[in-house]
1. How large is the helix-only mean residue ellipticity at 222 nm for the chain, computed as the sum of -39500 (n - 2.57) over DSSP H runs with n ≥ 4, divided by its residue count, in deg cm²/dmol to the nearest 500?
2. Is the shape of the range 151-226 rounded, prolate or oblate, going by the alpha carbon gyration tensor and its root eigenvalues a ≥ b ≥ c, with a/c under 1.5 for rounded and a/b larger than b/c for prolate?
3. Grab the chain and count how many Lys pairs have their alpha-carbon atoms under 29 Å apart, sequence gap of 8 or more, or different chains.
4. Tell me, E174, E201 in order of fewest to most beta-carbon neighbours within 10 Å?
5. Among C200, C224, which comes first, second and so on when ranked by fewest other beta-carbon atoms within 10 Å?
6. Between I178 and residues 5 or more places away or on another chain, which pairs have amide H atoms under 5 Å apart, with H built 1.01 Å from N, and which residues are they?
7. Per residue of the range 220-234, what does 6.51 cos²θ - 1.76 cosθ + 1.60 with θ = phi - 60° give for ³J(HN,Hα)? Whole Hz please, x for Gly and Pro, Karplus curve as stated.
8. Spelling out what I want: for every residue of the range 252-263, take phi, set θ = phi - 60°, compute 6.51 cos²θ - 1.76 cosθ + 1.60 (Karplus), and round to whole Hz; glycine and proline get x.
Amino acid sequence: MKNLLQILTTVLIFNLLNINAQSYNSFYNDIVSNVSQANILADLTTFESYGVKTIGTSALNNTQAWIKARYQSLGYADIVEQPFSYSGGTTNNIIITKTGTTYPNTFLIIDGHFDTINGPGTNDNGSGTVLIMELARLLKDVDTEYSIKFIHFSGEEYGLIGSNYYVDNTVIPENLDIKLVFNIDEVGGDGSKTNDTIVCERDQGSPTINNAASNIATQELATCIELYSSLNTEISYAYGSDYMPFEDNGEIITGLYEKNVTPHYHSPTDVLA
């Protein structure tokens, strides 16, 4: 997972620039110099220590409590736990909101799932979980034009249960004004390979009305990555993760996924390496 630091840096830049980054800006580079590899590794180690995080288990509940506590320690107050049930078990989405200075009622959603199957899921999706938390730490005292919702979804491994629940029970009934949904799922790569490329994901589905905007946002994400890191980029299509319920609702989506897919996902060997 040696590329996690670079990925986080570019994610931060992408969000700070409000999806309008086409040229290098040293101001943002100064901010990302505060990225902590020590924080990332410590959080990955803690995430892994909770074990297999399936719905209805103490492992998932303990992970949820840890995520909430991390945001509280950072000084975030607007933390909502959204409960839902699946197959006889109950779990929660965790939604943390940072209010924007110019458009407080328009939201950038940064999301990833924290449930796992068959193993501790340090890559799938501990990698996305800890990147979102570190991003929230870096952005805590930085003014952002738009409000940001950092969302940790549960139930992704069961068929996007948590994100579907959030869209059906929050986004639609509240008519939430969403600028962009940015999904981070499994970005640690394959430890046996050189992980010098990250996949930027764009919309390909129906409804098609949001596809062009997704393509623009994804291209700008790729531009940020190549401006602020040594990573290469590859643009591909979004599929099978928590941005899909939003896409079905007509929102603009993008995301990050590893180029070299780990052979250890959904297995006991998905551990820190």
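Just so you know, all these numbers are worked out from the coordinates, no wet-lab data involved. Note that the structure is a prediction, hence the values are computed from the model and not measured. Note that we place each Cβ from the backbone using ideal geometry, even for glycine, and neighbour counts take in every protein chain shown.
1. Roughly -10500 deg cm²/dmol at 222 nm, from the helical runs in the chain.
2. Oblate, since a/c reaches 1.5 and b/c is not below a/b.
3. 26
4. E174, E201
5. C200, C224
6. Result for I178 returns F107.
7. So the Karplus estimates, Gly and Pro as x, are 5, 4, 4, 4, 4, 4, 7, 6, 10, 8, 8, 6, 8, 10, 9 Hz.
8. Residue by residue, the range 252-263 yields 7, 10, 8, x, 10, 8, 5, 6, 8, 6, 5, x Hz.
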